[in-house]
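Peer 1: Structure incoming, see below.
The values are calculated or read from the model by the stated rules, or taken from the named source; none is laboratory data. Note that this is a predicted model, so its numbers are computed, not measured. Glycine gets a Cβ as well: all are built from the backbone with ideal geometry, and neighbour counts include every protein chain shown.
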Amino acid sequence: MFRPLLPRPLSGFVRFGACLLAAALVVAACGGDGDAASGTLRVYTSVTQDTVDAVVAGFEAANPGVTVDVFRAPTGELAARIAAETREGGLQADVLWLTDPLSIQQYASDGLLRSWTPDGIDAVPADSRTGTFFGTRVLNLVIVAGDGVVSPPTDWSDLASVGGVVALPDPAFAGSAFGALAFFATSPGYGMDFYQALHDNGAIQVSGPGDVVSGVAEGLYAAGITLDRLARDAVDDGSPISLIWPDSGAIAIYSPIGVVDGSSSGAAEPFVEYVLSTGAQEAIAATGWQPIRIDVAWPFAGETQQAVDWQQASADQDELLADYRAIFGQ
């Protein structure tokens, strides 16, 4: 039985339809292979609540002997809990399911993640997996603009000349926001000069991508950087905003999952394999996120995407954040 621990509220609601999600859950419940797992499983995650709920429901339906305990929090809060537990005697989680590669790479480097090969791993693109963690979905950073904005931006570079305030999510708070920082800082034609130009044009920092969407909808900001699902939910809810897929491509960030090396739960590896299965991937798609598997339908497939060099981003993380703070004074 699923028992959430300290759940956090979710910004935005999916409008894919109850029927689609219900159908995905039915398929997801039949998506795993092999013998059913049993026991207790503790999952620490920063993934949106409805997505976690959908996947856990399908896994528990396929494995009725498993009790899944979930602790969900934003990336920064989750990192603090993991650090505290590690200092105080050992990480209590069996599985980490996080938002972006950067937030899990350090745990892999510290030897906290198990090295293994899940069944079905070949369905995950090679650039979205390592020996210890594996992509589960794709988050696309896009532009959101108010419907009343004159000459709305059509590409990233246009944000530096928008007539009005541009909102940027905090790269120290949200993993996806750091993905944007890493992309712009290391991409030709942008660099930190792009952030200086944004600042000089009046751009401000807010906490997370959801704050960008709500602020644009309320008329506080003219435009901003956010996640495609959050913007799409707001549009479907009737908010006076537009989701703009940049001409040069959205910034694609894969959301990784891994097994804690010290886990004794026999359900940990089966859970990861389940998340990578077709059924669970269809449940993820039904909650509005792009599935990592290219053989699972995604209504927005074909849009241009740009990747982040996560290896370089990891090596330069402290320097990038320092350069960003020097501009925005955070």
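Peer 1: Restricting to the stretch 310-330, count the residues that are assigned to a loop (DSSP other than H, G, I, E, B) and surrounded by 14 or more Cβ atoms within 10 Å (Cβ to Cβ).
Peer 2: Of the stretch 310-330, the ones assigned to a loop (DSSP other than H, G, I, E, B) are 316, 329-330.
Narrowing further to those that are surrounded by 14 or more Cβ atoms within 10 Å (Cβ to Cβ): 316.
Of the residues in the stretch 310-330, 1 are assigned to a loop (DSSP other than H, G, I, E, B) and surrounded by 14 or more Cβ atoms within 10 Å (Cβ to Cβ).
Peer 1: Let me ask something additional. Taking into account only those residues within the stretch 216-231 that are small (G, A, S) and crowded, with 20+ Cβ neighbours inside 10 Å, which is farthest from I251 (Cα to Cα)?
Peer 2: Filtering the stretch 216-231 down to residues small (G, A, S) leaves 217, 219, 222-224, 231.
Still in the running and crowded, with 20+ Cβ neighbours inside 10 Å: 217, 222-224, 231.
Values: A217: 22, A222: 20, A223: 17, G224: 14, A231: 15 Å.
Step by step, filter the stretch 216-231, then rank; the result is A217.
Peer 1: Now a separate question. Only one of (1) within 21 Å of L112 (Cα to Cα); (2) without any contact (Cβ under 8 Å) to a residue 24 or more places away in the chain is not met by G329, so which one is it?
Peer 2: Answer for G329: the failing condition is (1).
Peer 1: Now, a different point. Return the pairs, sorted by first residue and then second, in which the second residue is charged (D, E, K, R) and assigned to a loop (DSSP other than H, G, I, E, B), the first residue lies in the stretch 122-148 and is farther than 18 Å from A160 by Cα, the beta carbons are less than 6 Å apart, and the residues are 6+ apart or on different chains.
Peer 2: A123/R293
Peer 1: Does R114 satisfy the criteria of being more than 22 Å from G210 (Cβ to Cβ), in contact (Cβ under 8 Å) with a residue 24 or more places away in the chain, of a type in the set (K, R) and not assigned by TED's automatic domain parsing to the domain that holds R229?
Peer 2: On the way: more than 22 Å from G210 (Cβ to Cβ): yes; in contact (Cβ under 8 Å) with a residue 24 or more places away in the chain: yes; of a type in the set (K, R): yes; not assigned by TED's automatic domain parsing to the domain that holds R229: yes.
Here the answer is yes, as R114 does meet what is asked.
Peer 1: Out of all the residues in the stretch 274-309, which are among the acidic types (D, E) and at pLDDT below 95? Write out each step before concluding.
Peer 2: We begin by selecting, within the stretch 274-309, every residue among the acidic types (D, E); these are 282, 295, 303, 309.
Once the filter is applied, which keeps residues that are among the acidic types (D, E) and at pLDDT below 95, the stretch 274-309 yields D295, E303, D309.
Peer 1: Let me ask something additional. Out of the residues in the stretch 173-206 that are small (G, A, S) and surrounded by fewer than 16 Cβ atoms within 10 Å (Cβ to Cβ), which is nearest to Y221 (Cα to Cα)?
Peer 2: Going residue by residue through the stretch 173-206, those that are small (G, A, S) are 174-177, 179-180, 182, 185, 187, 189, 191, 197, 202-203.
Right, trim to surrounded by fewer than 16 Cβ atoms within 10 Å (Cβ to Cβ) and you get 189, 191, 202.
Details: G189: 25, G191: 23, G202: 10 Å.
That would be G202.
Peer 1: Can you pull out every residue in the stretch 236-261 that is of a type outside the set (A, V, I, L, M, F, W, C) and either outside any strand (DSSP E or B) or at pLDDT below 95 (or both)?
Peer 2: Of the stretch 236-261, the ones of a type outside the set (A, V, I, L, M, F, W, C) are 236-240, 242, 246-249, 254-256, 258, 261.
Once the filter is applied, which keeps residues that are of a type outside the set (A, V, I, L, M, F, W, C) and either outside any strand (DSSP E or B) or at pLDDT below 95 (or both), the stretch 236-261 yields D236, D237, G238, S239, P240, P246, D247, S248, G249, D261.
Peer 1: Hey, another quick one. For the stretch 68-180, please list each of the strands (runs of 3 or more DSSP E) lying entirely inside it that holds at least 3 residues being aliphatic (A, V, I, L, M). Give the steps one after another, and end with the answer.
Peer 2: On the way: elements: 95-97, 134-146, 166-169.
Correct list: 134-146, 166-169.
Peer 1: Kindly list the number of the only condition in (1) crowded, with 23+ Cβ neighbours inside 10 Å; (2) under 14 Å from T136 (Cβ atoms) that fails for T278.
Peer 2: Going through (1) crowded, with 23+ Cβ neighbours inside 10 Å; (2) under 14 Å from T136 (Cβ atoms) one by one, T278 breaks only (1).
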